[in-house]
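Following: one structure in structure tokens, then a few remarks.
The values are calculated or read from the model by the stated rules, or taken from the named source; none is laboratory data. Remember, predicted model here, so these are calculated numbers, not experimental data. Methodologically, a virtual Cβ is constructed for each residue, glycine included, from the backbone with ideal geometry; neighbour enumeration extends over all protein chains shown.
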Amino acid sequence: MKRLLPLLFLLFGLLPEVKAQALLREWLTSMPDSVMPLLTHNDRLDFIDFCDAQMAAVVTNVMDGTSRMDTLTADYVHISYTPSTDVEMKLLPTSDTTHILCMVTTVKARVSDSRIAFYDAQWQPLDASALFAEPQMEDFRSATADDTAAQAWDKLDIYFRTYHLSPDEPSLRCVLTATDFLSEDDRAALAPLVSREPLQYRWVDGRFIVHHER
């Protein structure tokens, strides 16, 4: 009995993580095909099975391309959806027993860009503005700059940014990528005006809140 007690404590300690991982798998299994049209229901099941078997989680998608699940944890998934598109998903708690899912889709091109979406447990889209105050390009601008930098800033007429979910905690980073459109000289001129650090967000009371330590 004395030998069993430590094992029982260990098993009980693991129960929340096991439950969360099972919950995440339920989300992946119940996902409508319309959310990720290149992957069928069987593709997503294969992803999970491959991960359980510690095999490369790679499938041939409906366009005869390759999709890969790179990471599957208790509450986070990263999928290389296509060679030019990544998808991240993160379960975020809204109470002790309920979650919503945050999904970030990033298109990797000359200038990478992301879109963010939120879903409830029935995969119904949620109003993103109620859960996340999406940053604007001005949020990356410092308070002071010379005329040359200001002129370079005016050339940033298209707002591109990437979002990055954390595998380890309920947080989000936003990186400005719009400057990648500029020439090398304009980027150099703009450097004093643009923050080099990403904007950091933390999930607090059911909402992503900007974290001001930058």
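Residues of the stretch 107-117 include none that is among the polar types (S, T, N, Q), at pLDDT below 95 and part of a strand (DSSP E or B).
Taken over the stretch 155-176, residues that are crowded, with 18+ Cβ neighbours inside 10 Å and over 21 Å from Asp75 (Cα atoms) amount to 4. When you go through Thr85, Thr148, Thr98, Thr106 one by one, which is the residue that is of a type outside the set (Lys, Arg) and in contact with a Ser or Thr (Cβ under 6 Å, 6 or more places away or on another chain)? None of the others qualify; the one that does is Thr106. Among the residues of the stretch 1-53, those that are of a type in the set (Gly, Ala, Ser), modelled with pLDDT of 90 or more and either part of a helix (DSSP H, G or I) or more than 22 Å from the chain's Cα centre (by Cα) (or both) comprise Ser30, Ala53. Please tell me if Leu28 is crowded, with 18+ Cβ neighbours inside 10 Å and either touching a strand residue (DSSP E or B) at 6+ places or on another chain (Cβ under 8 Å) or closer than 23 Å to Trp123 by Cα (or both). So Leu28 passes the test.
Inspect the stretch 134-150 for any residue being touching a residue at least 60 places away in the same chain (Cβ under 8 Å) and either surrounded by 10 or more Cβ atoms within 10 Å (Cβ to Cβ) or out of contact with any Cys (no Cβ under 9 Å at 6 or more places or on another chain) (or both) and give the result as yes or no. Taking every residue of the stretch 134-150 in turn, at least one turns out to be touching a residue at least 60 places away in the same chain (Cβ under 8 Å) and either surrounded by 10 or more Cβ atoms within 10 Å (Cβ to Cβ) or out of contact with any Cys (no Cβ under 9 Å at 6 or more places or on another chain) (or both).
When the stretch 174-199 is filtered for residues that are assigned to a loop (DSSP other than H, G, I, E, B), touching a Phe, Trp or Tyr at 6+ places or on another chain (Cβ under 9 Å) and either farther than 30 Å from Cys102 by Cβ or basic (Lys, Arg) (or both), only Leu193 remains. Restricting the stretch 160-214 to residues that are at pLDDT 90 or above and of a type in the set (Phe, Trp, Tyr) leaves a set whose member that is nearest to Phe118 (Cα to Cα) is Phe208. Among residues that are modelled with pLDDT under 90 and outside any loop (DSSP other than H, G, I, E, B), Ala145 is not included. On the basis of being out of contact with any Cys (no Cβ under 8 Å at 6 or more places or on another chain), surrounded by 15 or more Cβ atoms within 10 Å (Cβ to Cβ), charged (D, E, K, R) and in a strand (DSSP E or B), does Arg202 make the cut? Taking the combined requirement at face value, the residue does not satisfy it. Flag: Lys90 matches the condition of being within 22 Å of Leu23 (Cα to Cα) and basic (Lys, Arg).
Looking for something assigned to a loop (DSSP other than H, G, I, E, B), in contact with a His (Cβ under 9 Å, 6 or more places away or on another chain) and on the phi < 0 side of the Ramachandran plot - is there at least one such residue anywhere in the stretch 122-142? So far as the stretch 122-142 goes, no, none of its residues is assigned to a loop (DSSP other than H, G, I, E, B), in contact with a His (Cβ under 9 Å, 6 or more places away or on another chain) and on the phi < 0 side of the Ramachandran plot.
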